[in-house]
1. From the list Arg453, Arg444, Arg434, exactly one residue is modelled with pLDDT under 90 and closer than 27 Å to Ala351 by Cα. Which is it?
2. Of the residues that make up segment 43-56, is at least one closer than 26 Å to Val166 by Cα, among the aliphatic types (A, V, I, L, M), assigned to a loop (DSSP other than H, G, I, E, B) and open to solvent by less than 30 Å² (accessible area, probe 1.4 Å)?
3. Taking the condition of being open to solvent by less than 50 Å² (accessible area, probe 1.4 Å), closer than 17 Å to Pro53 by Cβ and aliphatic (A, V, I, L, M), how many residues in segment 86-119 meet it?
4. Which one is surrounded by the most Cβ atoms within 10 Å (Cβ to Cβ), of the residues in segment 122-145 that are farther than 11 Å from Gly77 by Cβ and at pLDDT 80 or above?
5. Output yes when any residue across segment 93-100 is touching a strand residue (DSSP E or B) at 6+ places or on another chain (Cβ under 9 Å) and either assigned to a loop (DSSP other than H, G, I, E, B) or aromatic (Phe, Trp, Tyr) (or both), and no when none is.
6. If a residue has to be in contact with a helix residue (DSSP H, G or I) (Cβ under 6 Å, 6 or more places away or on another chain) and open to solvent by 10 Å² or more (accessible area, probe 1.4 Å) to count, how many in segment 366-381 make the cut?
7. Among the helices (runs of 4 or more DSSP H) confined wholly to segment 757-854, which include 3 or more residues that are at pLDDT below 70 and open to solvent by 60 Å² or more (accessible area, probe 1.4 Å)?
8. Looking at segment 194-238 only, could you name the residues that are open to solvent by 60 Å² or more (accessible area, probe 1.4 Å), modelled with pLDDT of 55 or more and part of a loop (DSSP other than H, G, I, E, B)?
Amino acid sequence: GGGDARDVIFEARGEGPVRAVAWAGPCVAWANDRGVKIYDIAARTPVAFIDRPRGSPPPERYPPRLVWDENATLLVGWADCVKVIAVSLRRDWVRRAEILEQFQTEYVVAGIAPHGEDKLLVLAFLETGANESASASDGGDGRMSLRRVSRRPEMRVVRRGSAGAVEYSRDALGVDGYDAFRPEEYALVRFGNVTETNGNVPSGSSAPRLAYLLASPKALVAARARTRADRIAWFSSRGDFDAALELCDEDEREKTDTENTDTRMSSQRDAVVTAYVEHLLRECAKKSGGGDADAEAKREALCRLCPRLFRGDARLWEKWLFLFARNSEGDASGNPSGRLLATIAPYVPTANPALRPEAYELILHAFLASPRDHARFLATVKAWPGSLYGVAGIISAARRAVFDALTESETPNTVATLREALAELYLLDGQRERALAAHIALGRPSVLDFVARHDLLGDLLAASSCLQNAVAPLALLDPHKAVALFVDRRDVAPPTLVAEHLRRAAEDTDTPSGTPETPEDDTTDFSTGPGEKSFTTPTRLRARETYHLYLRRLFAADPSYKLCPTHRDAQTALFAEFHPEELGAFLRQAEGLDLQRALRVVEAREAEARRAAEDAEASVSEETERSKSSEDDGVFVGGQDDVVVSGVSVAQSAGSFWRRRQALFASERASLLSCLGATRAALRALVDAGDIARAAALTHERAAPDPLDPLDEGDDELWDDLIELVTERAKGEMATDLPGSRRSEVRDGDVGDAGDGRGDDASKKKDVLRGIGELLDVAGAVIDPSRVLARVPADAAIDGLRTRLVRVLAERRANARRERLAKEVSARFLARARNARLQAGRRAFHPARVVAED
């Protein structure tokens, strides 16, 4: 008819007005005073009814917010409650709704929108709790009402989860007149599509960004998803540069290969780096008033961060190094950045990337400008390759620094450090000889390590080198290390040349020898500064010891001395002086040695040891007599007895030492005499030294016939000579023995107890008589003991004579028995051999040659 045609979807009376509607696809949702209803338009059937949260404020006070997300999820925000409802189609083609999540908030939800897969964007309406009067126009009448004053609205990002909602971030919005607005006066609308699951759009991407529009009675606010660039800028504004750099690096790892992205992010990272370095410089300036330690710690922290900030960008490294150098110009006025170049040196890259030479030269010149950094200058020169900077220019600057240090009376360590650095620079510049001269002028043992490390020994000993005279001073700095170096590198260090230089140093007097020769234009570098000691050779004793150590090590490597034959004879005196215990081995092994010269050296050393022993024994006697006289007089001084006893002990130790040394040289003298054919003189030397066993062994060796010479009958008279030497020595001691009235009272057990200061004489006599006993022990088994006993003085008391004779006679009988048995065995063997010969002669044919034939 004539009436209006309308499609009524749903109508309910008594549920209040419809306060919000949201339509997506086949479903429509609306909210009234009872709750939220969802209706399927296509099927014309209701889907679900969700009650309004219990305890909620009146619906007219806080209207609900309904938003669909991708036609399948309904977001409901009502007062302080948020619900997430999923609408799905069942197998029977009937739609159903399910509440996925529900949580309470501390604010009123004035707007809601989806933000990615697991986040919600909520417009939070916050009230202060205070009321104010406001006029509300209602049909033109001016009625007054009270309403709460609101705070700034906030945009909050809430992360959804099974354990409840977690607030991800919040931002307060600057909306004009916000304090007079009510929740229903705000609206939140979403535009665009989500291209990332986390809502972050990469910088430089052409994809559409997620955007939102906030509407209020007086303003519109546009919002979009925050990008990584926005986060970087936000962190930088808050001073959190580490987080900003981390985001820059993360973006660089994930960036695409487009040129726009590279340029944009590179410029943004450079801005962050610039702000970060400037911030650290300001921190250094603040700490400069707190003391050098605080300022140095801040500078160290800044320089430690530079490799992370500048990475492999040579442009950034050079830019900031030059800026640091510009700041260094104000160091004298207290600028805290003045020492940045000195602190940053260990962190500056030398490869990948390699900077321009000017950058490295800036740092080296900064080191030279400050005496406190000269040690760092040396360490840096050693660490950096010479190809990084202009070595010639740094050499000139270092020479000027040495001259200034000498002029300004700097400490010797400072000058020495600069000279060592100059030597390293000379080496980098290819001036090996000047480098070696500079190091030698320092007079440090480390020069040997320098020579070995850079293989400069050949340059030192080259025929054209002006540093040959420095061989001996170089060796005297550290004799053991130098000797090892010279001997091990005999290919470039000729032994004759090295030994000759060491011999000259050993023969020189103890006067200083001055500095070694150096190139004429280097006199400034090696002049002696105030407070410095000139480089001189040590004393002659040290030079002789160095000469001996070299020949000794050379002898160990070449016992024949073919490499250095002219210095072979000098070793006898050197061994006798420094290593007498090795003299015997040297005399036995050395070939072509001058035995007469060696004999004179050994005799002189023996006489010297005898005199020293006699002096020590005289000192013992004097100290003993002084002690006895003090006891007889009854005088006692506190502590005096301890001093006397200590002096006697020291003198006795010295006497024992020199007596052992005398016996050692006497033994070596006997060996030399024996080698020269003076066997009787050798025997006398051994007997005087009390070495009866060795004298008997030498006699047995020389008296026995040569088994290879059938005409040699030996020299049995040597035994008579040895017996005579031993017995004559005993008779001499007996003649100087005690008076006749007491001689018979002295026996074997109390020889050392005789009074009147004759204890030493009795001890000597006992040693002589002990020598006769040793002769019986050694020679008794070889010769007839009666030959020894017949010449022993009648009054001689020999220790254990009976035991010795029994042992000697038993050994002789055993030897006679063995000799008799040997003769019998030999006779039987010869008899069998003779009989076999006779039997073989009686046959016409030899039995082995007879062959039986069939």
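1. Just one listed residue meets the conditions, Arg453.
2. The answer is no; no qualifying residue exists.
3. 5
4. Leu126
5. Yes: one or more hits.
6. So the count comes out to 8.
7. Passing ranges, in order: 759-779.
8. Selection gives Arg209, Pro217, Lys218, Arg226, Arg238.
The values are calculated or read from the model by the stated rules, or taken from the named source; none is laboratory data. Here the structure is a predicted model, which is why all the values come from computation and not from measurement. Don't worry about glycine lacking a Cβ; one is built from the backbone with ideal geometry, like all the others, and counts go over all protein chains shown. Accessible surface is based on the protein model in full, side chains and every heavy atom, while ligands, DNA and RNA are left aside. Shrake-Rupley method; radii C 1.70, N 1.55, O 1.52, S 1.80 Å.
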